[in-house]
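Here's the structure we're looking at; comments come further down.
Rule-based calculations on the coordinates, nothing more; no lab input. Given the structure is predicted, the values throughout are model-derived calculations rather than measurements. Every residue, glycine among them, receives a Cβ derived from its backbone with ideal geometry; neighbour counts consider all protein chains shown.
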There are 2 protein chains.
Amino acid sequence: MVKAYLISTGTELLLGTTLDTNSVFLSRKLAEIGVKVIGKSVVGDNPDSIATAIRTGLASADLVITTGGLGPTRDDLTKEIACEVAGAEMKLIKEEEERLRDYFRRRHRPMPEINLKQAMFPEQATVIPNSLGTAPGMFLPLDNNQVIICLPGPPREAEPMYENYVKDLLIKTYQLTDSPSASRIIRIFGPGESQVEEMLQEIMDKARNYNLALLASEGEIIVRVTAEGQNQNESLDILSKVTEQINQIMGKSVFGYDDDTLSSVVAKLLCNRGRSVSVAESCTGGLLGKMLTDIPGSSRYFWGGVLTYSNEAKQKLLGVKEETLQKYGAVSRETALEMAWGVKRLSGTDLGVSITGIAGPEGGSKEKPVGLVYMAVVGDNLEQVREMHFVGNRAAIRTLSAKSALDLLRLQLL
Amino acid sequence: MVKAYLISTGTELLLGTTLDTNSVFLSRKLAEIGVKVIGKSVVGDNPDSIATAIRTGLASADLVITTGGLGPTRDDLTKEIACEVAGAEMKLIKEEEERLRDYFRRRHRPMPEINLKQAMFPEQATVIPNSLGTAPGMFLPLDNNQVIICLPGPPREAEPMYENYVKDLLIKTYQLTDSPSASRIIRIFGPGESQVEEMLQEIMDKARNYNLALLASEGEIIVRVTAEGQNQNESLDILSKVTEQINQIMGKSVFGYDDDTLSSVVAKLLCNRGRSVSVAESCTGGLLGKMLTDIPGSSRYFWGGVLTYSNEAKQKLLGVKEETLQKYGAVSRETALEMAWGVKRLSGTDLGVSITGIAGPEGGSKEKPVGLVYMAVVGDNLEQVREMHFVGNRAAIRTLSAKSALDLLRLQLL
């Protein structure tokens, strides 16, 4: 597999105010032709740092792509340093000089002599035209089938230069075809990251022509499976076998693939089953309703709901009994159930879902600590309550509560 | 000047799908205490690459900060490699083990043995507590006054760890003082970015010892003012003068400063004025209620509300008239007002706020296109409706709708 190392130069990229979008663009584009980015580096306009970064890249990758530092000023040194590291001598290229002079002539401006360095390249380099600025790029082949590519910093210049020239040069140089690998994301809700890893240990240990990467994000565990077959078909074949194995082990906690979200999966289930739903939310304050309506067309299954943040609202809108609130408290299995039945009755929907809990940071006690959340799903012949103990700040507890309620609803719909 | 080198680890950061926000955060924060970031690097979960990056950093910087790779899995190797490069031996730290076991105990889950490596540190290291996850950070002092700092990958864990521990450790280690510059964020809602830029043009042109940077984000315009005086006092002085000028020009559209949000500002106003509020939401499906309850202690002003996504719910819960829906439609000035009055009546709160609109992508027509949203705020001697035409996808229209309703509420409370 062809490996790339990306270097972005420019002091402004180190201040935390300008995002390095070039490397994000290149990562995505290179993946499309089967080139794997193995690392990237951002350096200021400092000759030593730029040289070190290029040497680091050449030590482990086939190609190094730099962006930035091709301008006419004394700070712009990337091309010069790349040539120095490569041991390639630059010369003034006549036709590039002519192009530059023409650029300024057409703008009725004199060309500063300093710009001439933008017309200097080693003989073995391919000059990459820049139709939007004065800085051409450079494609410099080295020994060992390695390449250094220099592109300008502004994305609106660098992106078309990649698309129109660099991509084809890479395909030709490395005889690339469309990437033979195939990948898929498997989305899991319920178990924690280390638990998933333990459960998938055997599949990970056996990995030969595929690999798994785990990532935890807002209560979800994301498993990325990448299959590396001899060709696309073989990769897809491996992918479906590994997916099947993971599904067998993880069971119902696999809720979706790739771009699926808990909201989109629940929406699909509700539509397929022809069921309608309403919500009664306390500590989440509307987040569950928001998630259920993230999906276009949610009016097909979502009737509406109530935000019963105060106890008064719970009694008045949902008919939660005074007695229940006094005996068990607003955060209890009993109140969660009365809320869910209350909103089902009020709305006439097939299902009622409720959440009540303590999102914190205040309001917790020893018996009922911050993070204690009850959620219920009720319907004809159905009554489910889940008790959860979430840890985190207020925002995390609320997000986990709403997702966990969606997950409970999903499991009832399966 | 103290120099830092940042390393972000994680294969997902090389795919072009996940942004490396940690290094952006750290760059900004380090600048505040006068530490200069001289380079940064992103590497996959590959031991050699991580080691090379750490060595590169130590060769030119005083401190190296890594993010990511502190999890329990076999891919998580950053701390181990940092210790190897530093020649520091790790041991099981008893109290960290206890903390971990406690973490799992509180979640009623068994601790996988694999997690134990998160309790291993060299003796000379300072363990940085992580209140939101299982992975503590590490502050490892080396010879020559150099330091390696390891933080976890999730920004919601890494950011508070920097703020609460790393910052002070750095100030102590390098005897830093606060930078003589001072900066402030001024938050604006209402006018667009180019409109704000035009209005502030003169202040920007006159800038000598300060500068302004504008950024648009989810309907807000964020103006960052940085003052560069001879010392902190002079900078603060410049800052307050420029802030005053901006406030005079922008008027009430300035809603807050620094970490303020529309939610926090509205919450403060409601508390100060002793007013209670309830909401009636249609197209936002709960997002307004969610925003009003983002703030701890929101039960002091938020009674609750209703999500009247369907017309039936609007009539049944809020008493919106059949006639109004037929004559003007669900997305109209009239329906918005009836919804707001309806929820105020239902709840008995001082104020009622409503939103009804077309979030798309379907459901628009020539007369009522996607993005048309009405919001109303009503109370004793108060009745305000706002008609907005938002552009963007479903998520953007919903976010802008909820924020715009918060802003309308804010203006009524001023």
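Each Lys or Arg adds one and each Asp or Glu takes one away; over the other residues whose Cβ falls under 13 Å from the Cβ of A:Leu287, this sums to +1. Distance between the pseudo-spin-label points of A:Arg273 and A:Ser365 (7 Å out from Cα toward the beta carbon): 3.5 nm.
Across chain A, Cα-Cα pairs farther apart than 42 Å form 39% of the total. To the nearest 0.05, how large is the calculated FRET efficiency for B:Ser264 and A:Asp168 if R₀ is 30 Å and r is the Cβ-Cβ distance? So the FRET efficiency works out to roughly 0.05. What separates the A:Arg74 label point from its copies, with the point 7 Å along Cα to Cβ, is 5.5 nm, written shortest first. With the simple spin-label model, which puts each label point 7 Å out from Cα in the Cβ direction, the A:Ser240 to B:Asp205 separation comes to 6.7 nm. When exposed loop sites are taken as GluC sites (Glu not before Pro) in a DSSP loop with at most 16 other Cβ atoms within 10 Å, the longest stretch of chain A clear of them is A:219-361. Please list, in chain and number order, the residues 5+ apart from A:Tyr309 or on another chain whose amide H is under 5 Å from its amide H, with Hs placed from the backbone. When sequence neighbours closer than 5 places are left aside, the close amide H contacts are B:Gly304, B:Gly305. Extension gain for B:Ala395 to B:Ile33 (0.36 nm times residue separation, less C-alpha to C-alpha distance): 126.6 nm.
Between B:Leu116 and B:Arg333, residue separation times 0.36 nm minus the direct Cα-Cα distance comes to 72.1 nm. Phi-derived couplings, Karplus 6.51 cos²θ - 1.76 cosθ + 1.60 at θ = phi - 60°, listed residue by residue for segment A:134-143: 8, 8, x, x, 9, 10, 10, x, 10, 5 Hz, with x used for Gly and Pro. Here is how the number arises for chain B: DSSP H runs of 4 or more residues each give -39500 (n - 2.57), the sum is divided by the residue count, and the result at 222 nm is -12000 deg cm²/dmol.
What percent does the relative contact order of chain B come to when contacts are Cα pairs within less than 8 Å and at least six residues apart? Relative contact order, chain B: 10 percent.
Comparing B:Thr243, B:Thr18, B:Thr52 in a Gaussian network model of chain B, where Cα atoms under 10 Å apart are tied by springs, the biggest mean-square fluctuation is seen for B:Thr18. For segment A:3-174, DSSP calls about 35 percent of its internal beta bridges antiparallel.
For the residue pairs A:Lys29/B:Lys40; A:Lys252/B:Lys314; A:Lys290/B:Lys321; A:Lys344/B:Lys368; B:Lys79/B:Lys172, alpha carbon separations beyond 29 Å are given by A:Lys252/B:Lys314; A:Lys344/B:Lys368. Classified by the C-alpha gyration tensor, segment B:142-285 has an oblate form. Its axis ratio a/c, with a ≥ b ≥ c, is 1.5 or above, and a/b does not exceed b/c.
Rounded, prolate or oblate, given the Cα gyration tensor of segment B:253-398, with a/c below 1.5 counting as rounded? In terms of gyration-tensor shape, oblate.
For the protein assembly as shown, the ratio of Cα radius of gyration to the globular rule of thumb 2.2 N^0.38 Å stands at 1.03. Rounded to whole numbers, the Karplus 3J(HN,Hα) couplings from phi for segment B:318-323 are 10, x, 5, 6, 3, 4 Hz, using 6.51 cos²θ - 1.76 cosθ + 1.60 with θ = phi - 60°, and x at Gly and Pro. Of the residues B:Val24, B:Val378, B:Val35, the one that moves most in a GNM of chain B with alpha-carbon contacts below 10 Å is B:Val24. Mean-square fluctuations from a GNM of chain A, with a 10 angstrom spring cutoff on Cα atoms, peak among A:Met161, A:Met388, A:Met111 at A:Met111.
Backbone phi angles across segment A:348-358, fed through the Karplus curve with coefficients 6.51, -1.76 and 1.60 (θ = phi - 60°), yield HN-Hα couplings of x, 6, 5, 10, x, 10, 9, 9, 9, x, 10 Hz in residue order; Gly and Pro are listed as x.
Near the amide H of B:Asp62, within less than 5 Å, lie the amide hydrogens of B:Lys3, B:Ala4, all on another chain or at least 5 residues away, with H placed in the peptide plane.
In nm, to one decimal, how far is the modelled label at B:Ala213 from the one at B:Arg109, with both set 7 Å along Cα→Cβ? Simple spin-label model gives 3.8 nm for this pair. Could you work out how far the C-alpha centroid of segment A:158-228 sits from that of segment B:88-125, in angstrom? Going from one Cα centre to the other spans 30 Å.
Computed from Cα atoms, the angle from the helix B:262-273 axis to the main principal axis of chain B rounds to 60 degrees.
Near A:Ala330, no amide H atom lies under 5 Å from its own; only residues 5 or more places off or on other chains count, and H is placed 1.01 Å from N.
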